[in-house]
Amino acid sequence: MSPKPHLRLASPAPDLVAGGPVEFNELFARYGQYVARLASRLLGSGDTEVDDVVQDVFLLASRRLPAIVDMIQARGWLATVTTRLVARRLRRRRFRSLFLASPRGQEVPAPGATPEQRALLRRLYEVLEGLPTAERVAWSLRYLEGEPLDIVAAACGCSLATAKRRVSAAKKTIDEVFGNA
Amino acid sequence: MRDQMWTSLGEKIEPVWAPEREDAVRAAIARRATRRRAVVRTAIAVASTGMIAVGGFALVRWQSAGPVAAPSVSSARAVPNPAPAGGAGETVTVTRLSSDTVLAPLPDRNGRGFALRAGGARFSVPHDPDRPFVVAAGDVTIEDLGTTFTVRYLSADRLKIAVEDGRVRVRAGGSDSEVPAGATLEVPISPVVEGPRGEPQPAAVAASSWRPLAERGQYEEARRALRKAGPSAVRDDTADLLLAADAARLSGHPAEAVPYLERVLRGHARDPRAGLAAFTLGRVLLDELGRPSEAVDAFALARSSGGPLAEDALAREVEALSRAGDVTRSRELALLYRRLYPNGRRAKAVSRFGGLD
């Protein structure tokens, strides 16, 4: 049974006009929080690392503004860039953990969660840490972010079949840990 | 459903995105963008400087290795010296200084002589006393004494000679002068008789006078003309006597040069060129005629004249004494050389001939 996707990428804000010029300040004001939220869900870490990702994404965006056609396209472009930067950061984190003791990261920010939900999130990210990065990112986009598979494939830069396979592989491990009730 | 549970759990993950945090991130992005622009500008500046330096270096290398080709001379580059001193592969390097330079090799000089007809050229020449390198420009002749020098037409009737290293002897208007390193000399110039293709016509000139031939470095023809004309063809002045001596020794007849040089020393001892005549006589006697005892006197005379030749004259005097078998005097003068010229360029040879090693 597939979850009901939120379709955030497919449903832009109604006030956006296709083909309009993209200004950096407007782009940041509109999508800064979105990028921070997406990075936080994919990373499962606190504010400092999230802010670094937001900086990286918008620094890149500031250089690529001419390539961003309009504010509607910008959201998908930012999602893809954020996903790839987070994936790169996760791979570096995993590589460092081979040589260094993993620093205890900040807890993922979930202000509206109950204590039980916080505990579940902590356990979930512990399991995700053990998954291959590509599978982790695909599963996180699909279930934590609620994106449809075609958007997951686009954000991960892979085919739909590959995206399905990655999501499925991660789901299998997670279901084994938490049980498929 | 557990899948639905993960989605609703994901919605709980929401970083606090307050205006202060947004401003802080925006300011950090601006700082990083500024820093990045500075780094890019610096990298471009460094790369540009490097490219300019490499380009300049390549240009200098190209200019010194392969000058601009001119139709009149195709071989005026690094001209191999057929008989280099000491057997090493020394070369004469000729570099045109402008595209309008017209330079032609002198006949029978085996790359050791050029006629400069226009523009300017730089010559870097290993000295060979047996085969001096000459540059003829109109009626001016420049002979190297182991040097790097530049010859350039300032106008159709004026020539500039600049010496970077060593010395040259400039023969212009019937008189000789030496130009040391770092000095320049400007001399008036008159055109020489040339054939229809711009080449010197030795045969035509030889019938009338030996002088133009010798001044152009055609020493063999000059000597023949001189012998044909008889002893009266050489005037009793220093320039003419030196020119006649050059025609004799540089055409391979050093013994015939001795009387001319001795006439300079006897009749024009106060002439500033007397020291040069004495030094040349010493070289002829020592190097070409194997008469070291007589060479000692000639070098001593050259040394007493002072001037830029004094150091060389003292060194060659040590050598001549050594070859003449006067070990004691040779050692004394070697010690004198060491005291007068502690960093002299001939110190090694002096020590060897003076028995100081």
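The values are calculated or read from the model by the stated rules, or taken from the named source; none is laboratory data. Remember, predicted model here, so these are calculated numbers, not experimental data. Because the Cβ atoms are built from the backbone with ideal geometry, glycine has one as well, and the counts that use them run over all protein chains shown.
Answer with yes or no whether A:R92 is among the basic types (K, R) and either at pLDDT 85 or above or not in a loop (DSSP other than H, G, I, E, B) (or both). Judged against the criteria, A:R92 is a match. From the list B:R273, B:R316, B:R303, the one residue that fits, being crowded, with 20+ Cβ neighbours inside 10 Å, touching a residue at least 40 places away in the same chain (Cβ under 8 Å), outside the structural domain of B:A172 (by TED's automatic domain parsing) and more than 23 Å from B:R227 (Cβ to Cβ), is B:R273.
Hey, any hits in the range A:147-158 for a residue that's outside any helix (DSSP H, G or I), within 11 Å of chain B (Cβ to nearest Cβ), closer than 18 Å to A:L43 by Cα and in contact (Cβ under 8 Å) with a residue 60 or more places away in the chain? Yes, because at least one residue in the range A:147-158 is outside any helix (DSSP H, G or I), within 11 Å of chain B (Cβ to nearest Cβ), closer than 18 Å to A:L43 by Cα and in contact (Cβ under 8 Å) with a residue 60 or more places away in the chain. Condition check: in a strand (DSSP E or B) and in contact with a helix residue (DSSP H, G or I) (Cβ under 8 Å, 6 or more places away or on another chain). Does B:E178 satisfy that? For B:E178, the condition - in a strand (DSSP E or B) and in contact with a helix residue (DSSP H, G or I) (Cβ under 8 Å, 6 or more places away or on another chain) - is met. Considering each of A:R93, A:R84 in turn, give the residue that is more than 14 Å from every other protein chain (Cβ to nearest Cβ), free of Cβ contacts under 8 Å to residues at least 12 places away in the same chain and basic (K, R). It is A:R93. Of all the listed residues (B:A278, B:A255, B:A298, B:A248), the sole one being part of a helix (DSSP H, G or I), of a type outside the set (D, E), modelled with pLDDT under 90 and closer than 19 Å to B:R169 by Cβ is B:A248. Checked against (1) touching a residue at least 40 places away in the same chain (Cβ under 8 Å); (2) in contact with a Leu (Cβ under 9 Å, 6 or more places away or on another chain); (3) among the charged types (D, E, K, R), B:R283 meets all criteria but (2). Taken over the range B:132-175, the criterion of being of a type outside the set (S, T, Y), surrounded by 18 or more Cβ atoms within 10 Å (Cβ to Cβ) and either assigned to a loop (DSSP other than H, G, I, E, B) or at pLDDT below 80 (or both) is satisfied by B:P132, B:F133, B:G138, B:D139, B:L145, B:G146, B:G166, B:A172.
Yes/no matrix, rows are residues, columns are (1) surrounded by fewer than 16 Cβ atoms within 10 Å (Cβ to Cβ); (2) modelled with pLDDT of 85 or more:
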position	(1), (2)
B:L9	no, yes
B:E14	no, yes
B:R32	yes, yes
B:R37	yes, yes
B:T49	yes, yes
B:G55	yes, yes
B:L59	yes, no
B:V79	no, no
B:A85	yes, no
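Among residues of the range A:111-141 being in a helix (DSSP H, G or I) and within 9 Å of another protein chain (Cβ to nearest Cβ), the one that is surrounded by the most Cβ atoms within 10 Å (Cβ to Cβ) is A:S140.
The listed residues are B:A38, B:A43, B:A33, B:A47, and the only one of them that is closer than 28 Å to A:A61 by Cβ and within 11 Å of another protein chain (Cβ to nearest Cβ) turns out to be B:A33. Residues that are within 14 Å of A:L141 (Cβ to Cβ) and modelled with pLDDT of 90 or more within the range A:53-84 comprise A:L78, A:A79, A:T80, A:V81, A:T82, A:T83, A:R84, listed in sequence order.
Can you tell me which residue within the range A:26-45, out of those that are small (G, A, S), part of a helix (DSSP H, G or I) and surrounded by 22 or more Cβ atoms within 10 Å (Cβ to Cβ), is farthest from the other protein chains (Cβ to nearest Cβ)? Within the range A:26-45, the match that is farthest from the other protein chains (Cβ to nearest Cβ) is A:A39.
Each residue in the range A:46-74 was checked for being crowded, with 22+ Cβ neighbours inside 10 Å, within 30 Å of A:A170 (Cα to Cα) and more than 8 Å from chain B (Cβ to nearest Cβ), and 2 of them qualify. Taking A:Q73, is it closer than 21 Å to A:D47 by Cα and either in contact with a strand residue (DSSP E or B) (Cβ under 7 Å, 6 or more places away or on another chain) or assigned to a helix (DSSP H, G or I) (or both)? For A:Q73, the condition - closer than 21 Å to A:D47 by Cα and either in contact with a strand residue (DSSP E or B) (Cβ under 7 Å, 6 or more places away or on another chain) or assigned to a helix (DSSP H, G or I) (or both) - is not met.
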